[in-house]
Amino acid sequence: MCIPGTALSRYINFYTDFAFKKIFGTEANKDLLISFLNGLFNLEGDAAISDVTYLTTEQLGDNIQERRAIYDVYCKTNRGERFIVEMQKAQQDNFRDRTIYYSSFAIREQAVKGNRERPWDYRLSPVYVVGILNFEMGKSDDGEYLTRVKLKDHKNRDFSDNLNFVFLEMPKFTKKESELSTFLDKWLYVIKNLYKLREQPQALTEGIFRKLFEVAEIASYNPDERSVYEESLKNLWDLNNCLDTAKRSGHDAGFAEGEAIGLEKGREEGKTEAKIENARKMKSKGFSTKDIADITGLSFSEIEEL
């Protein structure tokens, strides 16, 4: 299978599941993930992350009724910190609450079985949730694409360093190659523009970026890898189309229904119907349950029943 248009791109699209997992989620390329995290948190020298161990990405609840969490990338550093790295392709209802819920699995899995003589003392290793967002969390004119969140008290004093969130709103990152001033700038430029580039930019001279462009070059893939990537790219295009359709159908259905039973109620019911219909379409096209849940806000059980 060859999707029209893929021949025009020399490098893979970072926003596809295939690209994200290949670049950030594989043992052979974990130095790319380490480089990105060190750049994101400005870690150098002895403070820098030197190694990561990949952990299972599927987190189960205490029983079959409890909702699961499936991470894109989940790892532990050589110092014991846990990093959840997510590529979020579209806005969803209760996005912030979902992020907090996902972080709870990385916290509670640290509990160890103790005994009466030596019970667990609740000591935790830091947890960091990194969200690379292909949407804006909220409309603002400040142009800030990087948001850091941690636990503070009412006087803005640090309460704990053990739960941290970092959100990168990629649509707000608009720097050109000539404007890249930090290592993080370079990483964000690559994430946003990789599939548009025909060659490695001169501003990205570090060795780690040479490896990145080698890993990302489509021509180097065997037929099976290329087929998987093209299917992942097709899913991304279908997803974007579904999102556009959902916006239109949710708006139209909401207002039409609103004429009969009240504007606000009609909007909500229209949105719900649009979510279900688009979830059904995405499921028929082979989207993962996680992606469908992330995009529509429906639960895993609701999606599996469709």
Checklist entry - Among the numbered criteria (1) modelled with pLDDT under 85; (2) within 22 Å of the chain's Cα centre (by Cα), which single criterion is violated by Val228? => result (1)
Checklist entry - Restricting attention to the stretch 65-93, which residues are among the polar types (S, T, N, Q) and either modelled with pLDDT of 85 or more or buried (at least 21 other Cβ atoms within 10 Å of the Cβ) (or both)? => result Thr77, Asn78, Gln88
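Test of understanding: among Leu151, Leu124, which residue is more than 15 Å from Phe41 (Cα to Cα), aliphatic (A, V, I, L, M) and surrounded by 15 or more Cβ atoms within 10 Å (Cβ to Cβ)? It would help to see each step written out before you state the result.
On the way: Leu151 fails: surrounded by 15 or more Cβ atoms within 10 Å (Cβ to Cβ).
Of Leu151, Leu124, the one residue that is more than 15 Å from Phe41 (Cα to Cα), aliphatic (A, V, I, L, M) and surrounded by 15 or more Cβ atoms within 10 Å (Cβ to Cβ) is Leu124.
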Next on the checklist: Among the listed residues Thr174, Thr205, identify the single one that is under 22 Å from the mean Cα position of the chain (by Cα), surrounded by 10 or more Cβ atoms within 10 Å (Cβ to Cβ) and among the β-branched types (Val, Ile, Thr).
Outcome noted: Thr174
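Kindly evaluate Phe135 against the criterion of being of a type in the set (Phe, Trp, Tyr) and at pLDDT below 95. Break it down into steps so the answer makes sense when it comes.
On the way: of a type in the set (Phe, Trp, Tyr): yes; at pLDDT below 95: yes.
The answer is yes for Phe135.
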Next on the checklist: With the requirement that a residue be part of a loop (DSSP other than H, G, I, E, B), under 14 Å from the mean Cα position of the chain (by Cα) and among the small types (Gly, Ala, Ser), what does the stretch 71-116 give you?
Outcome noted: Ala90
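Residues in the stretch 8-57 that are closer than 22 Å to Asp161 by Cβ and in a helix (DSSP H, G or I): how many?
Initial filter on the stretch 8-57 (closer than 22 Å to Asp161 by Cβ): 33-34, 36-53, 55.
Still in the list and also in a helix (DSSP H, G or I): 33-34, 36-40, 45-47.
Qualifying residue count for the region: 10.
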Next on the checklist: Show me the helices (runs of 4 or more DSSP H) found entirely inside the stretch 242-306 where at least 2 residues are hydroxyl-bearing (Ser, Thr, Tyr), at pLDDT 55 or above and closer than 21 Å to Ala90 by Cα.
Outcome noted: 263-284, 289-296
Checklist entry - When you go through Leu151, Leu124 one by one, which is the residue that is in a strand (DSSP E or B) and at pLDDT 90 or above? => result Leu151
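The values are calculated or read from the model by the stated rules, or taken from the named source; none is laboratory data. Quick caveat: nothing in here was measured; it's all calculated off a predicted structure. Every residue, glycine as well, gets a Cβ built from its backbone with ideal geometry; the counts of neighbours run over all protein chains shown.
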